[in-house]
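Written out below as structure tokens is the structure these notes cover.
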Amino acid sequence: MTTNRPPAAPGTFVISLDFELMWGVRDLQTKETYGANVLGARVAIPAMLALFEEFGLHVTWATVGLLFFGKKTDLLAGLPARRPAYTDANLSNYVALPELGPDEAADPYYYGHELVAQISRVPGQEVATHTFSHYYCLEPGQTPADFRADLAAAVAVATQQGYQLRSLVFPRNQYNAAYLSICQELGITSYRGNEAAWMYQKQSEAAQTPWQRAARLLDAYVSVSGPNTYKPAEIAKNKPFDIPASRFLRPWSGRLAPLEGLRLRRILGGMTHAARHGEVFHLWWHPHNFGANLPQNMAVLRQIAEHFWALQRQYGFRTQTMAELADELAYLSAK
Ligand SMILES: [Zn+2]
């Protein structure tokens, strides 16, 4: 039964962003086909930070380790000796090294040092990890030892710059249960798991079915999979904690503009459900999704932020980074 009274324990709004610039799309796109979005992300990030600060939103920025560098000499010195040998060699971001410019000013596609610094200056923002090289945990050819070397390199560059990495997002959401103990050894307290419904289950990219893609698209507009919210007690289990995604914030689409209202309602509805029932709603996207149509995307984000505030007033709905929620889960699981 639904009431308008606040739940016994408040619900939580979690936002995580996969911050990767060109490293997240290099195997599929070129600077010609997607470069404008990547450069657009550099404009979108300060705009998003201003909004997060205005609304006091706490956000986890899962950052590719290679983005921490500002100069090629530093980047080359920070590479792990051991690198993944994917069967599909094009998946390895190390093939892009020869084309990198000397620094962030000369090559804004591949360096993010200044942006990471900007993020860290805004209250409530968590600098987290999206692995060092945008590592694919389910692709053939790579091994657990490769993954360990990759994540250790991410921890090393972050530590050098004064950041403690605690939360992880698996690139392409290729979640690999066998790698969780490695994450924990390297200080990771939580990761973003996938939505429970069948269309969000991940194998390697090649194993994705068209049905899954179509169902995910439909689910963005009408409820196929439900609100995808959950009680903290349900996830206060094994460490590192799984803080599953509830919803991907699809970029604003001119082509699907008539359906934009449905898309927003689906997100706001999930937030309301979480706030009323003391559950977690976890929204995610990539900054480069805002790299085109920035005004439209920012308008959607503002409506989400305003809805959060309304839910905070009415139900005590809270905003937390993944690391902050993981601290509470650790307390819950110890009881
Ligand atoms: Zn990614």
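Conditions (1) touching a residue at least 12 places away in the same chain (Cβ under 8 Å); (2) surrounded by 18 or more Cβ atoms within 10 Å (Cβ to Cβ); (3) of a type outside the set (K, R), marked per residue:
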| site | (1), (2), (3) |
| --- | --- |
| G291 | yes, yes, yes |
| Q296 | yes, no, yes |
| R302 | yes, no, no |
| W309 | yes, no, yes |
| A323 | yes, yes, yes |
In segment 81-110, what count of residues is obtained for those that are touching a residue at least 60 places away in the same chain (Cβ under 8 Å), closer than 17 Å to A154 by Cα and assigned to a loop (DSSP other than H, G, I, E, B)?
5
Where a residue in segment 169-195 is among the acidic types (D, E) and its partner, wherever it lies, is part of a loop (DSSP other than H, G, I, E, B) and within 16 Å of the ligand (Cβ to nearest atom), with Cβ under 8 Å and at least six apart
E195/A245
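Quick check on this structure: which one of A62, A105, A85 is out of contact with any Gly (no Cβ under 8 Å at 6 or more places or on another chain), away from the ligand (no atom under 15 Å from the Cβ) and at pLDDT 95 or above? Working first, answer last.
Working: A62 fails: away from the ligand (no atom under 15 Å from the Cβ); A85 fails: out of contact with any Gly (no Cβ under 8 Å at 6 or more places or on another chain).
It is A105.
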Report yes if some residue within segment 67-87 is exposed (fewer than 13 other Cβ atoms within 10 Å of the Cβ) and not aliphatic (A, V, I, L, M); otherwise report no.
yes
Hey, can you tell me all the residues within segment 162-181 that are crowded, with 19+ Cβ neighbours inside 10 Å, of a type in the set (A, V, I, L, M) and either away from the ligand (no atom under 16 Å from the Cβ) or part of a helix (DSSP H, G or I) (or both)?
none
Just name the residue that is nearest to the ligand (Cβ to nearest atom) out of those in segment 1-58 that are loosely packed, with under 13 Cβ neighbours inside 10 Å and assigned to a loop (DSSP other than H, G, I, E, B).
L28
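The values are calculated or read from the model by the stated rules, or taken from the named source; none is laboratory data. Everything numeric in this text was worked out from a predicted model, so none of it was measured. All Cβ positions, glycine included, derive from the backbone under ideal geometry; neighbour counts span all protein chains shown.
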